[in-house]
Amino acid sequence: MKSATTKLIGLLLSAMLSLSTAQTFADELPKVSIKTNVGEIVVELYPEAAPKTVDNFIKYVKAGQYKGTIFHRVIDNFMIQGGGYDKNMKEKPTGKPIASEAALALEKGVKNDLGTIAMARTEDPNSATAQFFINVRDNDFLNHQPLPAGDPVEFNYRGNMTKAPRKQALIATAGYTPFGKVIKGMDVVEKIKAVETSDSHMMQNVPKKDIIIESATVIK
């Protein structure tokens, strides 16, 4: 009986230690507060899953890049995108693009799921600079997709199986790099995703009422 009790105490202590370690790890993750004119969003970042991407984002945050920019592309049931344009739809200058880390993020178990923050880019997988988006649903088709051997190769493209030359398939399945997750302010994200949008300045899905990022700061 004594042995069983000792064993149970040991298991409880081990569980408590594991929880404490997990909490300590979470506390050590870098966090960024994004204050908008409709509320605050706080994201925690995952350097192990996307080290260069996290470093790039933090550099822009510390440089004040995002102050005065807007969420310029909002699509309900998909994502909200911002960090690149001011309220006059003038694009802010950026630094050099960074290489995609979508494959590494997937390997580390970080996907474009509901509430994750990821880098926006052009068709070139290695073109991300300052713009980011927050997923408002699980967007599996945005994740990196490992390809089987062969050329041409068959792969899943936005929910449908298709076949293409390997070079083309590598671009289509490169994915978008998720590098963190909203830990506070999902109600604000929900509010933003529901705003009314229209076409503006040759762009689609632009909120009719400006959603302005008033500040972005690294917090402890």
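The values are calculated or read from the model by the stated rules, or taken from the named source; none is laboratory data. Every value quoted in this text rests on a predicted model; they were computed, and no experiment measured them. Quick reminder, even Gly has a Cβ in these numbers, built from the backbone with ideal geometry, and neighbours come from all protein chains shown. Keep in mind that these areas ignore ligands, DNA and RNA; they rest on the heavy atoms of the full protein, side chains included. Shrake-Rupley method; radii C 1.70, N 1.55, O 1.52, S 1.80 Å.
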Q) Among the residues of segment 96-128, which ones are surrounded by fewer than 23 Cβ atoms within 10 Å (Cβ to Cβ), aliphatic (A, V, I, L, M) and under 16 Å from GLU48 (Cα atoms)? A) ALA99, ALA103, LEU104, LEU106
Q | Every residue from segment 79-99 that is under 14 Å from ASN56 (Cα atoms) and polar (S, T, N, Q) | A | THR94
Q. Within segment 67-83, which residues are open to solvent by 10 Å² or more (accessible area, probe 1.4 Å) and part of a strand (DSSP E or B)?
A. ARG73, ILE75, GLN81
Q: Report yes if ASP151 is outside any strand (DSSP E or B) and either in contact with a Ser or Thr (Cβ under 7 Å, 6 or more places away or on another chain) or over 27 Å from LYS59 (Cα atoms) (or both), otherwise no.
A: yes
Q. Restricting attention to segment 129-154, which residues are open to solvent by 10 Å² or more (accessible area, probe 1.4 Å), hydrophobic (A, V, I, L, M, F, W, C) and farther than 30 Å from LYS191 by Cα?
A. LEU147, ALA149
Q. Of these, SER198, SER127, SER215, which one is of a type in the set (S, T, N, Q), out of contact with any helix residue (DSSP H, G or I) (no Cβ under 7 Å at 6 or more places or on another chain) and farther than 29 Å from GLU44 by Cα?
A. SER198
